[in-house]
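Everything below concerns the one structure shown next.
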Amino acid sequence: MKITSNISTYCLELFEKIRYSDSPGKIQGVARYYNVEHVQWVFTRKDGIGYVFFIGSNEFWDWVHNFMFRLRETPYCGTNRKLKVHSGFYQSYLEARGVVHSYVKDFGKVVIFGHSLGGAIATLCAVDIQYNFPEKEIGYFSIGSPRVGNRVFAESFNGRLPDAVRCVNGNDVVTKIPFGSMGFSHVANLKHIGDRKWYPSVRDHSVRRYRKNFPSA
């Protein structure tokens, strides 16, 4: 499923409100807000499309899981035991998986969106939904996502979701980790926005900067 300008604008505008709100569940357009263990996500719907938004790191245990760099197999790697993903991101996704499956089954079209740690979880969610619900049209859009799995995982993801979009603002530092030298690779079609600095930038990781620099938002 292609990520149109209408979809990207909707995701960025609503997500900015969610990310900086003390009460995400009360924002207009949010159907349901979940905060389970250290994972936060919301469900929304628009024009017959179901949306799942994963929120980035904002608690101590988020960062603990961020630094669980060990690569591990997943239930949807089939017989390909060379396909591996970040163990911390995968454990985080498992907190939401059952509820997400229950939500998306009611939609023919689903968009999975996330920022930072949320982008990593969204990556695992998108390929998991495509694997378990192959009849659905799945869209993926992330901002500021770290690398999630190894090269074999990235190739599998790209084959299953050829229209997926991974957006990077400037020289967002979070998109540089985990390092490629550790066996990790990025997924999806890269959309670069903002100024390309020569140094990794923490400021470029801000949701507000992504929202400001995205051309269609």
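The values are calculated or read from the model by the stated rules, or taken from the named source; none is laboratory data. Given the structure is predicted, the values throughout are model-derived calculations rather than measurements. Reconstructed Cβ throughout: ideal geometry from the backbone, glycine too, with neighbour counts over all protein chains shown.
Out of the residues in the range 196-214 that are farther than 7 Å from Val173 by Cβ and among the hydrophobic types (A, V, I, L, M, F, W, C), state the one that is surrounded by the fewest Cβ atoms within 10 Å (Cβ to Cβ). Among residues in the range 196-214 that are farther than 7 Å from Val173 by Cβ and among the hydrophobic types (A, V, I, L, M, F, W, C), the one surrounded by the fewest Cβ atoms within 10 Å (Cβ to Cβ) is Trp198. Of all the residues in the range 58-89, those that are surrounded by fewer than 18 Cβ atoms within 10 Å (Cβ to Cβ), small (Gly, Ala, Ser) and at pLDDT 80 or above number 1.
Only residues that are within 11 Å of the chain's Cα centre (by Cα), assigned to a loop (DSSP other than H, G, I, E, B) and either more than 21 Å from Lys84 (Cβ to Cβ) or free of Cβ contacts under 8 Å to residues at least 12 places away in the same chain (or both) were counted in the range 143-167, giving 1. Here the condition is being part of a loop (DSSP other than H, G, I, E, B) and either under 17 Å from Ile7 (Cα atoms) or aromatic (Phe, Trp, Tyr) (or both); of Tyr199, Tyr210, Tyr131, Tyr140, it holds for Tyr199 alone.
Restricting the range 14-31 to residues that are touching a Phe, Trp or Tyr at 6+ places or on another chain (Cβ under 6 Å) and free of Cβ contacts under 8 Å to residues at least 40 places away in the same chain leaves a set whose member that is surrounded by the most Cβ atoms within 10 Å (Cβ to Cβ) is Pro24. Would it be correct to say that Leu117 is buried (at least 19 other Cβ atoms within 10 Å of the Cβ), at pLDDT below 95 and either within 22 Å of Leu83 (Cα to Cα) or of a type in the set (D, E, K, R) (or both)? The answer is yes for Leu117. Scanning the range 32-48 for residues that are in a strand (DSSP E or B) and not hydrophobic (A, V, I, L, M, F, W, C), which turns out surrounded by the fewest Cβ atoms within 10 Å (Cβ to Cβ)? Filtering the range 32-48 for residues that are in a strand (DSSP E or B) and not hydrophobic (A, V, I, L, M, F, W, C), the one surrounded by the fewest Cβ atoms within 10 Å (Cβ to Cβ) comes out as Arg32. Residues in the range 168-196 that are of a type outside the set (S, T, N, Q), over 22 Å from Gly139 (Cα atoms) and assigned to a loop (DSSP other than H, G, I, E, B): Gly170, Ile177, Pro178, Phe179, Gly183, Phe184, Gly194, Asp195, Arg196. Taken over the range 1-24, the residue count meeting the criterion of being acidic (Asp, Glu) and in a loop (DSSP other than H, G, I, E, B) is 1. A single member of Ile129, Ile55 is buried (at least 18 other Cβ atoms within 10 Å of the Cβ) and either at pLDDT 95 or above or over 20 Å from Arg19 (Cα atoms) (or both), and it is Ile129.
Step by step: first the residues of the range 174-195, then only those that are of a type in the set (A, V, I, L, M, F, W, C) and modelled with pLDDT under 95, then the one that is surrounded by the most Cβ atoms within 10 Å (Cβ to Cβ). Which residue is that? So, considering only residues that are of a type in the set (A, V, I, L, M, F, W, C) and modelled with pLDDT under 95, the one surrounded by the most Cβ atoms within 10 Å (Cβ to Cβ) is Val174.
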